[in-house]
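Before I ask anything, let me first share the structure, which is written out below as structure tokens.
The values are calculated or read from the model by the stated rules, or taken from the named source; none is laboratory data. The model shown is predicted, which means the values in this text are computed figures rather than measured ones. Here the Cβ positions follow ideal geometry from the backbone for every residue, glycine too, while neighbour counts run over all protein chains shown. All accessible areas refer to the heavy atoms of the entire protein, side chains included, with ligands and DNA or RNA removed. Shrake-Rupley method; radii C 1.70, N 1.55, O 1.52, S 1.80 Å.
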Amino acid sequence: MRIDPAIAALRRDRLPQRRAQAAMVAACDGWRAAPEAVRVLAELERFGAGASLAACPALGAVFTDGGSAPRLVAVLVRCFCGVMTREPFGHPPLRHGFERGASTLLLARAGRAQLVLHAREPGSWSFDGVGLSDAERHEAVLSGAAEGRIVHRGVLSGPFGERPIALQEGTRLTLDLTREALQVLQVERRLVSLRLHRHAAVPGPTCEYALADGALRHQSAGDIRTSRHEAMLALLGRMGRAEAAATMTTIAREPGDPSLRWQALRECLALEAAAGFAALCEIAGAADDPLAEPAESLRLQLLGAHPQLAALDAAPCRA
């Protein structure tokens, strides 16, 4: 493997690397303190706490008028590009990622809100499904050219409808992500947008549906904390920690996020069939429980595959 001499020098002496990162942090602080950014970021705190966008005039202007968003990002570019010219191995102290031709740079986060710089490379994409989440999004296109569509829940015919949209400098969008989504189909010139995203105070699940018939393909927790707890439950299950079954049944029975309760129930069934099946029957018999219907379906499925479970079935006869 060839290691560039400049990178090898950083391995021998950490001081230039620290100097580069200090310069990048200073550039970020400079942007946040700039007149174009300071009020916007202050209002992001209010928006993230639940205030309406109309109550945040500086932040709202970024996603309604034609000049605020370009000015905000232009200051960001000036602050960082000068430093990167002098310190090419520095990394902006902002969360960033790149996947399938799309790059993101998280500029700021406050409460339930995020301000993200998003770019998509030229190319074509096709979709046979759509994802909906319990959130809202505002978008200001800064540069580029692309063709896309807004997919929305159907009302009169079919599960989903759509309308085409041309994306170019100056385009402004507001999306209710619980019922509509933007899908970029063709990018002619790199599409760069500023996005403001806010999830609900108590977000429902994120769902992916098939466009053809509206069938639910995938569902995940809308709250990152719930996702973490689900991962913990899955890990305990993979480790075979039978002593966790009692805690799992408690989570499954108590009111709470249906996604987390269902995960706890599934893991308990795998660890301790008797305890898990007893909890399943109890939930299936509770008419006011949102998990009653899927629990009853799973109960019948398990009884068909494992008749011996009938001895543990405490549910009333449904004949």
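Name the residue, out of LEU194, LEU185, LEU236, that is within 30 Å of PRO70 (Cα to Cα), in contact with a helix residue (DSSP H, G or I) (Cβ under 6 Å, 6 or more places away or on another chain) and hydrophobic (A, V, I, L, M, F, W, C).
Numbers: LEU185 fails: in contact with a helix residue (DSSP H, G or I) (Cβ under 6 Å, 6 or more places away or on another chain); LEU236 fails: within 30 Å of PRO70 (Cα to Cα).
Only one candidate passes the filter, namely LEU194.
On to the next question. Which residue pairs have Cβ atoms closer than 7 Å, lie 6 or more positions apart in sequence or on different chains, and pair a first residue in the stretch 235-253 that is closer than 16 Å to ALA279 by Cβ with a second residue that is open to solvent by 90 Å² or more (accessible area, probe 1.4 Å)?
Cβ pairs passing all conditions: ARG253/GLU282.
In the stretch 43-67, which residues are touching a residue at least 60 places away in the same chain (Cβ under 8 Å), open to solvent by 20 Å² or more (accessible area, probe 1.4 Å) and part of a helix (DSSP H, G or I)? Outline the logic, then answer.
Quick first cut of the stretch 43-67, residues touching a residue at least 60 places away in the same chain (Cβ under 8 Å) only: 44-45, 47-50, 53, 59, 62-64, 66.
Going one step further and asking which of them are open to solvent by 20 Å² or more (accessible area, probe 1.4 Å), we end up with 45, 49-50, 53, 64, 66.
The answer is GLU45, LEU53.
Does any residue of the stretch 80-87 turn out to be within 19 Å of LEU142 (Cα to Cα), assigned to a helix (DSSP H, G or I), open to solvent by less than 90 Å² (accessible area, probe 1.4 Å) and out of contact with any Asp or Glu (no Cβ under 7 Å at 6 or more places or on another chain)?
Of the stretch 80-87, the ones within 19 Å of LEU142 (Cα to Cα) are 80-81.
Restricting the remaining residues to those that are assigned to a helix (DSSP H, G or I) gives 80-81.
Those still in the list that are open to solvent by less than 90 Å² (accessible area, probe 1.4 Å) too: 80-81.
Keeping just the survivors that are out of contact with any Asp or Glu (no Cβ under 7 Å at 6 or more places or on another chain) gives 80-81.
Yes, some residue in the stretch 80-87 is within 19 Å of LEU142 (Cα to Cα), assigned to a helix (DSSP H, G or I), open to solvent by less than 90 Å² (accessible area, probe 1.4 Å) and out of contact with any Asp or Glu (no Cβ under 7 Å at 6 or more places or on another chain).
Next question, about the same structure. Of the residues GLU272, GLU243, GLU254, which single one is within 30 Å of HIS199 (Cβ to Cβ), open to solvent by 60 Å² or more (accessible area, probe 1.4 Å) and not aromatic (Phe, Trp, Tyr)? Working first, answer last.
Working: GLU272 fails: within 30 Å of HIS199 (Cβ to Cβ); GLU243 fails: within 30 Å of HIS199 (Cβ to Cβ).
Exactly one residue qualifies, and that residue is GLU254.
Please specify each residue of the stretch 154-203 satisfying the condition of being buried (at least 17 other Cβ atoms within 10 Å of the Cβ), assigned to a strand (DSSP E or B) and not hydrophobic (A, V, I, L, M, F, W, C).
GLU162, GLU180, GLN183, SER193, ARG195, HIS197, ARG198, HIS199
Does ARG238 satisfy the condition of being over 30 Å from ALA113 (Cβ atoms) and more than 30 Å from the chain's Cα centre (by Cα)? I'd like the intermediate steps shown before the answer.
Details: over 30 Å from ALA113 (Cβ atoms): yes; more than 30 Å from the chain's Cα centre (by Cα): no.
Spelling it out, it is not the case that ARG238 is over 30 Å from ALA113 (Cβ atoms) and more than 30 Å from the chain's Cα centre (by Cα).
How many residues are at positive phi and touching a strand residue (DSSP E or B) at 6+ places or on another chain (Cβ under 8 Å) when one looks only at the stretch 123-163? First the steps, then the outcome.
Taking the stretch 123-163 first, the residues at positive phi are 123, 144, 158.
With touching a strand residue (DSSP E or B) at 6+ places or on another chain (Cβ under 8 Å) added as a condition, the list becomes 123, 144.
Qualifying residue count for the region: 2.
Right, here's the next one. Which ones in the stretch 18-27 are within 12 Å of GLY82 (Cα to Cα) and of a type outside the set (Gly, Ala, Ser)?
MET24
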